[in-house]
Amino acid sequence: MRITRGRKNILSVLFQAGTPLSLKEIYERVATYESAPDYTTVFRMVSLLENLHVVEKVNLQRDCSYYELRNPDEHYDHLICTYCGKVQRLDLPCPLKSFEKQLQKSFGFQINAHSLEFFGRCQDCTS
Ligand SMILES: [Zn+2]
Ligand SMILES: [Zn+2]
């Protein structure tokens with residue numbers, strides 16, 4: 001029961017964030033809920049959700065892992081600000097669909113997924 005509620009909290013935290021969160025960020029946000037689980041429990045629940053393919057680990061070339069909700073029908077690439085560390089999800093149609101087909105044809109490689117990360121300076125850090 002406690003686990004189930006905690007899991008739901010993690011999912012709503014990720015849903016509200018709309019951007020990948022690190023375990024620490026997930027933990028901090030979940031802690032604002034009434035029955036906040038401890039760090040180890042959060043870690044275990046996130047791993048479980050990852051195994052269930054509900055949550056996806058995003059590789060952002062950081063020292064810690066980031067997680068976001070997985071939508072099987074959609075896929076997101078990311079903009080990463082190297083100044084403030086902000087991660088923005090690209091809510092734009094991914095332009096690589098046709099390129100993937102081309103790669104599949106040229107290399108006979110079946111592509112299941114890809115992840116694009118653009119590094120640079122965000123709007124807040126340029127203004
Ligand atoms: Zn920034
Ligand atoms: Zn993409």
Can Pro93 be described as within 16 Å of ligand 2 (Cβ to nearest atom), closer than 24 Å to Arg7 by Cβ and under 19 Å from the mean Cα position of the chain (by Cα)? no
Residues of the range 71-90 being closer than 20 Å to Leu23 by Cβ, modelled with pLDDT of 80 or more and part of a loop (DSSP other than H, G, I, E, B), which ones? Cys84, Gly85, Lys86
What is the residue count in the range 96-111 for residues that are more than 16 Å from ligand 2 (Cβ to nearest atom) and of a type in the set (Phe, Trp, Tyr)? 2
Can you tell me which residue within the range 91-127, out of those that are among the aromatic types (Phe, Trp, Tyr) and away from ligand 1 (no atom under 16 Å from the Cβ), is modelled with the highest pLDDT? Phe107
Of these, Glu50, Glu56, which one is buried (at least 18 other Cβ atoms within 10 Å of the Cβ), acidic (Asp, Glu) and either under 14 Å from the mean Cα position of the chain (by Cα) or at pLDDT 85 or above (or both)? Glu56
Do you know which residues across the range 112-123 are more than 11 Å from ligand 2 (Cβ to nearest atom) and farther than 10 Å from Tyr83 by Cα? Asn112, Gln123
Selection count, the range 13-43, where residues are loosely packed, with under 14 Cβ neighbours inside 10 Å and either at pLDDT 85 or above or under 24 Å from Lys86 (Cα atoms) (or both): 7
Of (1) in contact with a strand residue (DSSP E or B) (Cβ under 9 Å, 6 or more places away or on another chain); (2) surrounded by fewer than 10 Cβ atoms within 10 Å (Cβ to Cβ), Arg70 satisfies every one except (2)
Asp77 - would you say it is more than 16 Å from ligand 2 (Cβ to nearest atom), of a type in the set (Asp, Glu) and either under 17 Å from Leu11 (Cα atoms) or in contact with a Cys (Cβ under 7 Å, 6 or more places away or on another chain) (or both)? no
Could you please let me know if Tyr33 is in a strand (DSSP E or B), of a type in the set (Phe, Trp, Tyr) and farther than 18 Å from Phe119 by Cβ? no
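The values are calculated or read from the model by the stated rules, or taken from the named source; none is laboratory data. As the structure is a computational prediction, the values presented were derived from the model and not from experiment. Every residue, glycine as well, gets a Cβ built from its backbone with ideal geometry; the counts of neighbours run over all protein chains shown.
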